[in-house]
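Have a look at the structure below before the remarks.
The values are calculated or read from the model by the stated rules, or taken from the named source; none is laboratory data. In this text the structure is predicted, and so the values were computed from the model without any measurement. Every residue, glycine as well, gets a Cβ built from its backbone with ideal geometry; the counts of neighbours run over all protein chains shown. Heavy atoms of the whole protein, side chains included, go into the accessibility calculation; ligands, DNA and RNA do not. Shrake-Rupley method; radii C 1.70, N 1.55, O 1.52, S 1.80 Å.
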Amino acid sequence: MEAFLRAALPLVQREAGTTAWFAVRFGRGEYGIFDVFQDDAARDAHLAGPVAQALEQRGGELLANAPRIRKLVVLANKLPTAGTREPDTKGLLLTFRAKSGHEPEVEQFLRDAQPVVMDEPRTTAWFAIHTDEGEYGIFDVFPDNGGRFAHLAGGVPRELAKHALTLLGSMPDLEMLNVEAEKLVA
């Protein structure tokens with residue numbers, strides 16, 4: 001599966017509408033793709049493109065279950081500036097539900113977190129998201145464990161913990177990821 005995901009990178013790099021694409025490993029035998037697009041047309045093109053076709057052809061041999069596709073809205077983001085940078089090897093995915101009636105406050109909290117993350121030099125890319133299944137979350141990547149742990153000890157997790165009882169309707173689910181391949185448009 002890792003070889004398949006790495007081989008998909010050149011195909012994704014040809015997609016002008018794909019702003020960010022990450023092939024990740026959650027743990028033993030669990031993989032995923034997190035991708036962001038300029039617009040719905042770019043997302044639709046990607047979902048009908050060569051990576052999706054290759055996965056459909058080889059899915060039976062590579063996957064234990066059919067892939068689950070979740071569409072999301074990016075509420076705020078940090079993308080790297082142009083220039084040379086280290087490749088990312090580590091990532092985080094945090095997902096949670098808003099407390100009933102507090103969805104606007106959760107969305108504002110996530111938008112307000114953007115300037116804090118912009119000042120984190122070892123956080124390469126960061127996305128505050130709202131999924132089509134009603135969950136909220138954060139996906140971010142780092143060049144190494146040091147960057148990941150600096151982020152976990154930073155302002156956004158501290159503020160989220162401070163407001164958790166008021167804003168969150170579920171315990172956050174935190175996944176530590178390994179980044180297998182990535183495309184980032186600066």
Checklist entry - Give me the pairs: first residue in the range 2-16 and more than 15 Å from Gly32 (Cβ to Cβ) and β-branched (Val, Ile, Thr), second residue in a helix (DSSP H, G or I) and open to solvent by 60 Å² or more (accessible area, probe 1.4 Å), beta-carbon distance under 8 Å, and six or more apart or on different chains, which are they? => result none
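In the range 116-163, which residue that is among the basic types (Lys, Arg) and either open to solvent by less than 20 Å² (accessible area, probe 1.4 Å) or in a helix (DSSP H, G or I) (or both) is nearest to Lys90 (Cα to Cα)?
We begin by selecting, within the range 116-163, every residue among the basic types (Lys, Arg); these are 122, 148, 158, 162.
This time we only want the ones that are either open to solvent by less than 20 Å² (accessible area, probe 1.4 Å) or in a helix (DSSP H, G or I) (or both), so: 148, 158, 162.
Details: Arg148: 7, Arg158: 20, Lys162: 26 Å.
That would be Arg148.
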Checklist entry - Across the range 23-47, what is the total count of residues that are acidic (Asp, Glu), open to solvent by less than 70 Å² (accessible area, probe 1.4 Å) and part of a helix (DSSP H, G or I)? => result 0
Checklist outcome for this item: Checked the range 54-73 for anything loosely packed, with under 15 Cβ neighbours inside 10 Å and closer than 21 Å to Phe139 by Cα; matches are Pro67, Arg68, Ile69, Arg70, Lys71, Val73
Checklist entry - Quick one: in the range 170-186, which of the residues that are in contact with a helix residue (DSSP H, G or I) (Cβ under 9 Å, 6 or more places away or on another chain) and farther than 30 Å from Ala16 by Cα is surrounded by the most Cβ atoms within 10 Å (Cβ to Cβ)? => result Pro172
Checklist outcome for this item: Filter the range 79-115 for residues that are part of a loop (DSSP other than H, G, I, E, B) and among the hydroxyl-bearing types (Ser, Thr, Tyr); the one that is most open to solvent (accessible area, probe 1.4 Å) is Thr84
Checklist entry - Residues of the range 1-41 being under 20 Å from Phe139 (Cα atoms) and aliphatic (A, V, I, L, M), which ones? => result Leu5, Leu9, Val12, Ala20, Ala23, Val24, Ile33, Val36
Checklist entry - Looking at (1) farther than 30 Å from Pro157 by Cα; (2) open to solvent by 50 Å² or more (accessible area, probe 1.4 Å), which is the one condition that is false for Val51? => result (2)
Checklist outcome for this item: In the range 94-153, anything in contact (Cβ under 8 Å) with a residue 40 or more places away in the chain and among the β-branched types (Val, Ile, Thr) is listed as Thr95, Val106, Val116, Thr123, Thr124, Ile129, Thr131, Ile138, Val141
Checklist entry - Of the conditions (1) at positive phi; (2) in contact with a Pro (Cβ under 8 Å, 6 or more places away or on another chain), Leu160 fails just one. Which one is it? => result (1)
